[in-house]
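Below you'll find the structure, written out as structure tokens, and then a few comments.
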Amino acid sequence: MKKEKIVPIILAAGRAERLGFPQALGEFGGRTAIEIAVDTCARLGRPIVVLGDAAERVRRAVPRGTRVVVNRRWRSGQLSSLLAG
């Protein structure tokens, strides 16, 4: 039987208009949401983080060594980010 590989894709490309800052930068217990998501998914494999709106700002919070993809079409919705990943 062939062993399948799981590649976690974390979508962090959307705009959080009501918050006033990217959701990925929300803090919980001194850690950002993006840090928590990457650490959680790392058990499955090296995750890919898909950025869009505020990409450079969010990229600074992505843990070192994480694969990052920027979806320039993030306004098209989550499917475009999933495909970019």
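Protein heavy-atom surface of the chain, 1.4 angstrom probe: 51% of the accessible area is carbon and sulfur, with nucleic acids and ligands not counted.
Once backbone amide H atoms are built at 1.01 Å from N, N71 has L51, G52 as its partners under 5 Å, excluding neighbours fewer than 5 places away on the same chain.
Remark: the Cα gyration tensor places the chain in the oblate category, a/c being 1.5 or greater and a/b not exceeding b/c. For the chain, the solvent-accessible area works out to 73 Å² per residue, with a probe of 1.4 Å and every protein chain left in place.
The values are calculated or read from the model by the stated rules, or taken from the named source; none is laboratory data. Just so we're clear, the structure is a prediction, and the values are computed from it rather than from any experiment. Just so you know, the surface numbers come from the protein's heavy atoms only, side chains and all, with ligands and any DNA or RNA stripped out. Shrake-Rupley method; radii C 1.70, N 1.55, O 1.52, S 1.80 Å.
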